[in-house]
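Chemist: Handing you this structure, nothing more for now.
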Amino acid sequence: MPTIPRVSYEFYKVLHVVGIILVFMTLGASILHAANGGTREQNTSRKLIAALSGIGLLLIIVAGFGMLARIQSMSAGIPGWIHPKLLIWLLLAAAPSVIARKPSSAKIMWIVVPLLGAVAAYLGISHK
Ligand code: HEM
(Lines give C-alpha, C1' and ligand atoms only; values in the text may rest on other atoms or scores of the structure.)
Protein backbone atom coordinates (compact mmCIF):
# COMPACT_ATOMS: atom_id res chain seq x y z
CA MET A 1 0.00 0.00 0.00
CA PRO A 2 1.51 3.40 -0.94
CA THR A 3 1.69 5.84 1.99
CA ILE A 4 0.17 9.25 1.43
CA PRO A 5 2.52 11.95 2.81
CA ARG A 6 1.06 13.82 5.79
CA VAL A 7 0.68 17.56 5.19
CA SER A 8 2.36 19.39 8.07
CA TYR A 9 0.87 22.16 10.23
CA GLU A 10 3.60 24.51 8.95
CA PHE A 11 2.79 23.81 5.31
CA TYR A 12 -0.92 24.44 5.95
CA LYS A 13 0.02 27.73 7.58
CA VAL A 14 2.03 28.85 4.54
CA LEU A 15 -0.97 27.94 2.33
CA HIS A 16 -3.28 29.86 4.71
CA VAL A 17 -1.09 32.98 4.34
CA VAL A 18 -0.80 32.60 0.53
CA GLY A 19 -4.62 32.44 0.41
CA ILE A 20 -4.85 35.58 2.54
CA ILE A 21 -2.38 37.40 0.25
CA LEU A 22 -4.44 36.46 -2.85
CA VAL A 23 -7.78 37.48 -1.32
CA PHE A 24 -6.54 40.86 -0.08
CA MET A 25 -4.62 41.61 -3.32
CA THR A 26 -7.71 40.94 -5.42
CA LEU A 27 -10.00 42.90 -3.09
CA GLY A 28 -7.62 45.87 -3.35
CA ALA A 29 -7.74 45.62 -7.15
CA SER A 30 -11.55 45.48 -7.20
CA ILE A 31 -11.91 48.36 -4.75
CA LEU A 32 -9.48 50.58 -6.73
CA HIS A 33 -11.30 49.81 -10.00
CA ALA A 34 -14.70 50.68 -8.48
CA ALA A 35 -13.34 53.77 -6.69
CA ASN A 36 -12.00 55.07 -10.04
CA GLY A 37 -15.48 54.75 -11.57
CA GLY A 38 -14.69 51.60 -13.58
CA THR A 39 -17.60 49.41 -14.65
CA ARG A 40 -17.69 45.61 -14.69
CA GLU A 41 -17.22 45.59 -18.47
CA GLN A 42 -14.21 47.96 -18.33
CA ASN A 43 -12.45 45.59 -15.96
CA THR A 44 -10.56 43.48 -18.49
CA SER A 45 -8.81 41.54 -15.70
CA ARG A 46 -12.17 40.56 -14.16
CA LYS A 47 -11.85 36.84 -14.86
CA LEU A 48 -8.25 36.64 -13.64
CA ILE A 49 -9.15 38.52 -10.46
CA ALA A 50 -12.18 36.26 -9.86
CA ALA A 51 -10.04 33.14 -10.34
CA LEU A 52 -7.26 34.33 -8.02
CA SER A 53 -9.81 35.38 -5.41
CA GLY A 54 -11.51 31.96 -5.63
CA ILE A 55 -8.19 30.13 -5.27
CA GLY A 56 -7.30 32.36 -2.30
CA LEU A 57 -10.62 31.73 -0.52
CA LEU A 58 -10.25 27.99 -1.10
CA LEU A 59 -6.67 27.99 0.27
CA ILE A 60 -7.74 29.94 3.38
CA ILE A 61 -10.53 27.54 4.28
CA VAL A 62 -8.82 24.25 3.34
CA ALA A 63 -5.57 25.21 5.07
CA GLY A 64 -7.50 26.68 8.04
CA PHE A 65 -9.26 23.37 8.67
CA GLY A 66 -6.02 21.53 7.88
CA MET A 67 -4.23 23.45 10.65
CA LEU A 68 -7.16 22.87 13.00
CA ALA A 69 -6.93 19.13 12.40
CA ARG A 70 -3.21 19.31 13.34
CA ILE A 71 -3.69 21.28 16.58
CA GLN A 72 -6.71 19.36 17.90
CA SER A 73 -8.80 16.30 17.23
CA MET A 74 -11.62 17.12 14.80
CA SER A 75 -13.97 15.01 16.95
CA ALA A 76 -13.64 17.80 19.57
CA GLY A 77 -15.80 19.93 17.24
CA ILE A 78 -15.15 23.39 15.81
CA PRO A 79 -13.85 25.72 18.57
CA GLY A 80 -15.71 28.98 19.26
CA TRP A 81 -12.96 31.26 17.91
CA ILE A 82 -13.33 29.67 14.45
CA HIS A 83 -17.00 30.76 14.16
CA PRO A 84 -16.27 34.50 13.71
CA LYS A 85 -13.43 33.57 11.30
CA LEU A 86 -15.90 31.62 9.17
CA LEU A 87 -18.25 34.64 9.17
CA ILE A 88 -15.35 36.92 8.13
CA TRP A 89 -14.46 34.45 5.36
CA LEU A 90 -18.06 34.64 4.10
CA LEU A 91 -18.05 38.46 4.23
CA LEU A 92 -14.73 38.62 2.31
CA ALA A 93 -16.16 36.16 -0.26
CA ALA A 94 -19.26 38.36 -0.71
CA ALA A 95 -17.32 41.65 -0.86
CA PRO A 96 -16.45 41.59 -4.62
CA SER A 97 -20.11 41.34 -5.65
CA VAL A 98 -21.08 44.09 -3.20
CA ILE A 99 -18.34 46.33 -4.70
CA ALA A 100 -19.40 45.49 -8.29
CA ARG A 101 -23.11 46.11 -7.60
CA LYS A 102 -22.63 49.20 -5.45
CA PRO A 103 -19.40 50.99 -6.49
CA SER A 104 -20.19 53.76 -3.98
CA SER A 105 -19.33 51.20 -1.26
CA ALA A 106 -15.68 51.22 -2.46
CA LYS A 107 -14.65 54.06 -0.08
CA ILE A 108 -15.91 52.31 3.05
CA MET A 109 -14.36 49.03 1.85
CA TRP A 110 -10.85 50.55 2.23
CA ILE A 111 -11.65 50.53 5.98
CA VAL A 112 -13.98 47.51 6.39
CA VAL A 113 -11.82 44.96 4.50
CA PRO A 114 -8.60 45.56 6.49
CA LEU A 115 -10.62 45.62 9.74
CA LEU A 116 -12.11 42.21 8.91
CA GLY A 117 -8.60 40.95 8.16
CA ALA A 118 -7.33 42.36 11.47
CA VAL A 119 -10.06 40.60 13.49
CA ALA A 120 -9.44 37.27 11.67
CA ALA A 121 -5.68 37.59 12.26
CA TYR A 122 -6.19 38.48 15.93
CA LEU A 123 -8.40 35.41 16.43
CA GLY A 124 -5.83 33.14 14.75
CA ILE A 125 -2.91 34.55 16.77
CA SER A 126 -4.42 35.07 20.24
CA HIS A 127 -6.98 32.30 20.81
CA LYS A 128 -4.79 30.10 23.06
C1 HEM B 1 -10.80 35.11 6.45
C2 HEM B 1 -9.61 35.54 6.62
C3 HEM B 1 -8.60 34.94 7.55
C4 HEM B 1 -7.47 35.58 7.93
C5 HEM B 1 -7.01 36.98 7.52
C6 HEM B 1 -6.75 34.67 8.82
C7 HEM B 1 -5.53 34.97 9.40
C8 HEM B 1 -4.82 34.13 10.22
C9 HEM B 1 -3.55 34.44 10.83
C10 HEM B 1 -2.77 35.74 10.65
C11 HEM B 1 -3.19 33.38 11.57
C12 HEM B 1 -1.97 33.25 12.46
C13 HEM B 1 -0.82 32.65 11.76
C14 HEM B 1 0.33 32.54 12.72
O15 HEM B 1 0.15 32.10 13.87
O16 HEM B 1 1.44 32.85 12.32
C17 HEM B 1 -4.22 32.37 11.42
C18 HEM B 1 -4.20 31.14 12.02
C19 HEM B 1 -5.21 30.21 11.92
N20 HEM B 1 -6.38 30.33 11.21
FE21 HEM B 1 -6.90 31.87 10.05
N22 HEM B 1 -7.46 33.50 8.96
C23 HEM B 1 -8.61 33.62 8.21
C24 HEM B 1 -9.60 32.68 8.10
C25 HEM B 1 -9.61 31.44 8.70
C26 HEM B 1 -10.65 30.46 8.54
C27 HEM B 1 -11.90 30.60 7.67
C28 HEM B 1 -10.30 29.39 9.30
C29 HEM B 1 -11.15 28.16 9.37
C30 HEM B 1 -10.85 27.02 9.79
C31 HEM B 1 -9.03 29.69 9.95
C32 HEM B 1 -8.31 28.88 10.81
C33 HEM B 1 -7.10 29.16 11.36
C34 HEM B 1 -6.33 28.25 12.23
C35 HEM B 1 -6.74 26.86 12.66
C36 HEM B 1 -5.16 28.91 12.58
C37 HEM B 1 -4.00 28.36 13.42
C38 HEM B 1 -4.15 28.73 14.87
C39 HEM B 1 -3.03 28.14 15.69
O40 HEM B 1 -2.02 27.72 15.18
O41 HEM B 1 -3.18 28.13 16.91
N42 HEM B 1 -8.65 30.97 9.55
N43 HEM B 1 -5.21 32.85 10.58
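The values are calculated or read from the model by the stated rules, or taken from the named source; none is laboratory data. Owing to the predicted nature of the structure, the values given are computational and were not obtained by experimental measurement. Reconstructed Cβ throughout: ideal geometry from the backbone, glycine too, with neighbour counts over all protein chains shown.
Chemist: Out of all the residues in region 108-117, is one or more in a helix (DSSP H, G or I), out of contact with any Leu (no Cβ under 7 Å at 6 or more places or on another chain), closer than 19 Å to SER30 by Cβ and within 8 Å of the ligand (Cβ to nearest atom)?
Modeler: Yes - at least one qualifying residue is present in region 108-117.
Chemist: Here's a follow-up. Does ARG40 satisfy being touching a residue at least 60 places away in the same chain (Cβ under 8 Å), of a type in the set (D, E, K, R) and either surrounded by 18 or more Cβ atoms within 10 Å (Cβ to Cβ) or within 14 Å of the ligand (Cβ to nearest atom) (or both)? Break it down stepwise before answering.
Modeler: On the way: touching a residue at least 60 places away in the same chain (Cβ under 8 Å): yes; of a type in the set (D, E, K, R): yes; either surrounded by 18 or more Cβ atoms within 10 Å (Cβ to Cβ) or within 14 Å of the ligand (Cβ to nearest atom) (or both): no.
It is false that ARG40 is touching a residue at least 60 places away in the same chain (Cβ under 8 Å), of a type in the set (D, E, K, R) and either surrounded by 18 or more Cβ atoms within 10 Å (Cβ to Cβ) or within 14 Å of the ligand (Cβ to nearest atom) (or both).
Chemist: Moving on. Quick one: is ARG101 surrounded by fewer than 12 Cβ atoms within 10 Å (Cβ to Cβ), at pLDDT below 95 and farther than 29 Å from SER8 by Cβ?
Modeler: It is true that ARG101 is surrounded by fewer than 12 Cβ atoms within 10 Å (Cβ to Cβ), at pLDDT below 95 and farther than 29 Å from SER8 by Cβ.
For every residue, the table says whether it meets (1) hydroxyl-bearing (Ser, Thr, Tyr); (2) more than 17 Å from TYR122 (Cα to Cα); (3) surrounded by 15 or more Cβ atoms within 10 Å (Cβ to Cβ).
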| residue | (1), (2), (3) |
| --- | --- |
| PRO5 | no, yes, no |
| LEU27 | no, yes, yes |
| ALA35 | no, yes, yes |
| ILE60 | no, no, yes |
| MET67 | no, no, yes |
| GLY80 | no, no, no |
| LEU87 | no, no, no |
| ALA94 | no, yes, no |
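Chemist: Of the residues that sit in region 43-76 and are in a loop (DSSP other than H, G, I, E, B) and more than 20 Å from the chain's Cα centre (by Cα), which one is farthest from the ligand (Cβ to nearest atom)? Spell out how you get there, then give the answer.
Modeler: Narrowing region 43-76 to residues in a loop (DSSP other than H, G, I, E, B): 43-45, 72-73.
Retained after the next criterion (residues that are more than 20 Å from the chain's Cα centre (by Cα)): 43-44, 72-73.
Numbers: ASN43: 23, THR44: 28, GLN72: 9, SER73: 13 Å.
For region 43-76, the residue satisfying everything is THR44.
Chemist: Considering region 10-47 alone, what residues qualify as being among the aliphatic types (A, V, I, L, M) and farther than 24 Å from ILE108 by Cα?
Modeler: Of everything in region 10-47, those that are among the aliphatic types (A, V, I, L, M) and farther than 24 Å from ILE108 by Cα turn out to be VAL14, LEU15, VAL17, VAL18.
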